[in-house]
Amino acid sequence: MFPENYDPPEFLPGTVWLAGAGPGDPGLLTLHAVHALRCADVIVHDALVSAEVLAMAPEGCELIHAGKRGGKPSPKQADISLRLIRLARQDKRVLRLKGGDPFVFGRGGEEALSLVRAGIGFRIVPGISAGIGGLAYAGIPVTHRDTNHAVTFVTGHDASGEVTGIDWDALAKGSPALVIYMALKHLPQIADALHAGGRSVDEPVAIVSWAATDRQRVLETTLGNCAQDAVAAGMEAPAIVAIGEIVRLRGGLDWLGASRGAILDADPLGSAWPGQTSQIG
């Protein structure tokens, strides 16, 4: 049921909606995204869109998997964009559903520009990015006035799939808090580059795997140990890596842990950082 005062926009045949499904929990979908799910004739979805979210689709809706996962066979981006165009030209309501937000490291901009060039009408439905919502589910705020007045969101690899095209030295010196997407594969190189840029090996790091799902795991460690600790703990992609004093706030803000009986620290920034790893499944 939608709220009485919600007047959903019309999802017209022959158009494409590029929508974010959020970081995992179906409850984090926007009203517009739920509306699109219920109206779509066909849904082209990423690998990280959960079965619970896709179950909202109406009977007879065609589901097309178009997930791109590193190191695994994946559809080419050009083919995905062409498929969206073809489906729209068949006068279908096409929902392109992406994990997180379509415009945050989601290639939504590329797909939207392809629709523009093809003359296809489209709508963007923002979602909660994993770098914000996923960390919130781990009890880590991306900003806090006692730790940082800026935060940088960065991908763990450039367009070539490597880390060389990213100025890690500038990031190390210029941003008090870093939130890194898709970083597990290159975490040793990233940690080394940030340390070379001046970050302390003792700086707090958190790795959040499968954020905002029932598979969520959180590993707390340090910059000097994060790469080896991630391997030892068996941390898996998809994962978000947070670096900076914001990680220490988890000691007081781990609301999921508290719901399972964990004791929260009312003054996490006043406590000494142990420099040890822990994880909560």
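The values are calculated or read from the model by the stated rules, or taken from the named source; none is laboratory data. The structure presented is a predicted model; accordingly, all values stated were derived computationally and were not measured. All Cβ positions, glycine included, derive from the backbone under ideal geometry; neighbour counts span all protein chains shown.
Before we move on, is residue 205 in contact with a strand residue (DSSP E or B) (Cβ under 7 Å, 6 or more places away or on another chain), within 30 Å of residue 29 (Cα to Cα), of a type outside the set (Phe, Trp, Tyr) and free of Cβ contacts under 8 Å to residues at least 60 places away in the same chain?
Answer is yes for this residue.
Can you go through 236, 220, 162 and tell me which one is part of a strand (DSSP E or B) and either without any contact (Cβ under 8 Å) to a residue 12 or more places away in the chain or out of contact with any helix residue (DSSP H, G or I) (no Cβ under 6 Å at 6 or more places or on another chain) (or both)? Please lay out each step first, then the result.
Working: 236 fails: part of a strand (DSSP E or B); 162 fails: part of a strand (DSSP E or B).
Exactly one residue qualifies, and that residue is 220.
Show the residue pairs meeting these rules: Cβ distance below 8 Å; 6+ apart or different chains; first residue within the range 45-67 and within 16 Å of residue 214 (Cα to Cα); second residue assigned to a helix (DSSP H, G or I).
Taking only residues 6 or more apart or on different chains, the pairs are 50/26; 52/26; 53/26; 53/37.
Looking only at the range 137-159, how many residues end up being small (Gly, Ala, Ser) and buried (at least 20 other Cβ atoms within 10 Å of the Cβ)?
Of the residues in that region, 3 qualify.
Of the residues 211, 206, 232, only one is farther than 18 Å from residue 156 by Cα and in the same structural domain as residue 139 (by TED's automatic domain parsing); which?
Of the residues listed, the single one that is farther than 18 Å from residue 156 by Cα and in the same structural domain as residue 139 (by TED's automatic domain parsing) is 232.
Only one residue in 201, 179 is part of a loop (DSSP other than H, G, I, E, B) and in the same structural domain as residue 166 (by TED's automatic domain parsing), so which one is that?
201
Of the residues in the range 136-170, how many are farther than 30 Å from residue 81 by Cβ, of a type in the set (A, V, I, L, M, F, W, C) and under 20 Å from the mean Cα position of the chain (by Cα)?
Total meeting the criteria: 6.
From the list 63, 48, 82, 12, exactly one residue is in a loop (DSSP other than H, G, I, E, B) and surrounded by fewer than 20 Cβ atoms within 10 Å (Cβ to Cβ). Which is it?
When all the criteria are applied, what remains is 12.
Identify, from the list 212, 230, 242, the residue that is crowded, with 19+ Cβ neighbours inside 10 Å, part of a strand (DSSP E or B), in contact with a strand residue (DSSP E or B) (Cβ under 8 Å, 6 or more places away or on another chain) and in contact (Cβ under 8 Å) with a residue 40 or more places away in the chain. Reasoning before the result, please.
On the way: 212 fails: part of a strand (DSSP E or B); 230 fails: part of a strand (DSSP E or B).
Answer to the check: 242.
Among the residues of the range 99-109, write down those that are crowded, with 22+ Cβ neighbours inside 10 Å and farther than 24 Å from residue 12 by Cβ.
Scanning the range 99-109 gives 99, 100.
Here are the criteria: (1) closer than 30 Å to residue 225 by Cβ; (2) surrounded by fewer than 22 Cβ atoms within 10 Å (Cβ to Cβ). Tell me which single one residue 134 does not satisfy.
It is condition (2) that residue 134 fails.
Please work out which residue is modelled with the lowest pLDDT, limiting yourself to the range 252-281 and to residues that are small (Gly, Ala, Ser) and out of contact with any strand residue (DSSP E or B) (no Cβ under 9 Å at 6 or more places or on another chain). Give the derivation first.
To start, the set of residues in the range 252-281 that are small (Gly, Ala, Ser) comprises 252, 257-259, 261-262, 266, 270-272, 275, 278, 281.
Imposing the further condition that a residue be out of contact with any strand residue (DSSP E or B) (no Cβ under 9 Å at 6 or more places or on another chain) reduces the set to 252, 258-259, 261, 266, 270-272.
Numbers: 252: 97, 258: 96, 259: 95, 261: 94, 266: 94, 270: 87, 271: 73, 272: 68.
Only one residue tops the list, namely 272.
Would the range 110-122 turn up any residue that is touching a strand residue (DSSP E or B) at 6+ places or on another chain (Cβ under 9 Å), surrounded by 16 or more Cβ atoms within 10 Å (Cβ to Cβ), among the hydrophobic types (A, V, I, L, M, F, W, C) and outside any helix (DSSP H, G or I)?
Yes.
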